[in-house]
1. Pick from THR8, THR2: which is open to solvent by 90 Å² or more (accessible area, probe 1.4 Å) and β-branched (Val, Ile, Thr)?
2. Hey, can you tell me all the residues within segment 70-125 that are out of contact with any Lys or Arg (no Cβ under 9 Å at 6 or more places or on another chain), open to solvent by 10 Å² or more (accessible area, probe 1.4 Å) and among the charged types (D, E, K, R)?
3. Could you please find all residues in segment 149-171 being modelled with pLDDT of 95 or more and either over 20 Å from LEU111 (Cα atoms) or touching a His at 6+ places or on another chain (Cβ under 7 Å) (or both)?
4. When only residues in segment 11-25 that are touching a residue at least 24 places away in the same chain (Cβ under 8 Å) and not in a loop (DSSP other than H, G, I, E, B) count, which is least open to solvent (accessible area, probe 1.4 Å)?
5. Looking at segment 44-69, which of the residues that are modelled with pLDDT of 95 or more and assigned to a loop (DSSP other than H, G, I, E, B) is least open to solvent (accessible area, probe 1.4 Å)?
6. Considering only residues that are crowded, with 16+ Cβ neighbours inside 10 Å and either in a helix (DSSP H, G or I) or at pLDDT 95 or above (or both), which ones fall in segment 26-43?
7. Filter segment 126-162 down to residues that are open to solvent by less than 60 Å² (accessible area, probe 1.4 Å), of a type in the set (D, E, K, R) and assigned to a helix (DSSP H, G or I), then give me how many there are.
8. Here are the criteria: (1) closer than 23 Å to GLY35 by Cα; (2) free of Cβ contacts under 8 Å to residues at least 40 places away in the same chain; (3) not small (Gly, Ala, Ser). Tell me which single one GLU73 does not satisfy.
Amino acid sequence: MTNETLKTLETRRSCRDFKPDMITDEELETVIRAGTFAPSGKNQQSAIIIAVTNKELRDQIMEENRKIGGWQEGFDPFYGAPVILIVIADKDANNASGTYINDGSLVMGNLMNAAASIGLGSVWIHRARQEFESDFGKAILAKLGIKGNYEGIGHVALGYPAKELPKPAARKENYVYYVR
């Protein structure tokens, strides 16, 4: 049995080479909306999406991420993507169950799958936790008026793929064990 959703889930791949062209507002809003419908513990919706389309801020975040990753100057850990969607989550939400990382991760998955469903490329980029623990990240949150105890979950680099994405690799053996 297959449908368009399953086809997207089976064929989505990480994009590591983006065109510099900005995506449309409609495409951006479509992807973001999908992220807002991700499941969350106790429906607390602990995650926040920060959509960065401003090139100056995008480049500052890229440089901070590059430094944290220890790469040489000139390397772009966002692979030239014109848009960065940053997912952060409230560490105080779901306090007893502590699902904020899971909540943010589900948002990340929804963003990437939605992007693939409309022909955009995306890739999960790490180091958001370190960014938003730093004065650099805290200044971004303060400028946006975001208050609270937030942790960076990840970045979705988003844009038009510059080349065809790779085909899915074969699934590993023993991926699933059935108990019937």
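The values are calculated or read from the model by the stated rules, or taken from the named source; none is laboratory data. Remember, predicted model here, so these are calculated numbers, not experimental data. Cβ atoms come from the backbone with ideal geometry, glycine included; neighbour counts cover every protein chain shown. For the accessible areas, the whole protein counts, side chains as well, though only heavy atoms, and no ligand, DNA or RNA atoms are used. Shrake-Rupley method; radii C 1.70, N 1.55, O 1.52, S 1.80 Å.
1. Working: THR8 fails: open to solvent by 90 Å² or more (accessible area, probe 1.4 Å).
That would be THR2, the only listed residue that is open to solvent by 90 Å² or more (accessible area, probe 1.4 Å) and β-branched (Val, Ile, Thr).
2. Within segment 70-125, ASP90, LYS91, ASP92 meet the criteria.
3. If the condition is that a residue be modelled with pLDDT of 95 or more and either over 20 Å from LEU111 (Cα atoms) or touching a His at 6+ places or on another chain (Cβ under 7 Å) (or both), then GLY154, LYS163 are the ones that fit.
4. My answer is PHE18.
5. The initial filter retains those residues of segment 44-69 that are modelled with pLDDT of 95 or more, namely 47-69.
From what's left, assigned to a loop (DSSP other than H, G, I, E, B): 53-54.
Numbers: THR53: 61, ASN54: 89 Å².
Result: THR53.
6. Just the residues of segment 26-43 that are crowded, with 16+ Cβ neighbours inside 10 Å, to begin with: 27-28, 30-32, 34-35, 38, 40-41.
Those that are crowded, with 16+ Cβ neighbours inside 10 Å and either in a helix (DSSP H, G or I) or at pLDDT 95 or above (or both): GLU27, LEU28, THR30, VAL31, ILE32, ALA34, GLY35, ALA38, GLY41.
7. Total meeting the criteria: 1.
8. Unmet for GLU73, out of (1) closer than 23 Å to GLY35 by Cα; (2) free of Cβ contacts under 8 Å to residues at least 40 places away in the same chain; (3) not small (Gly, Ala, Ser): (1).
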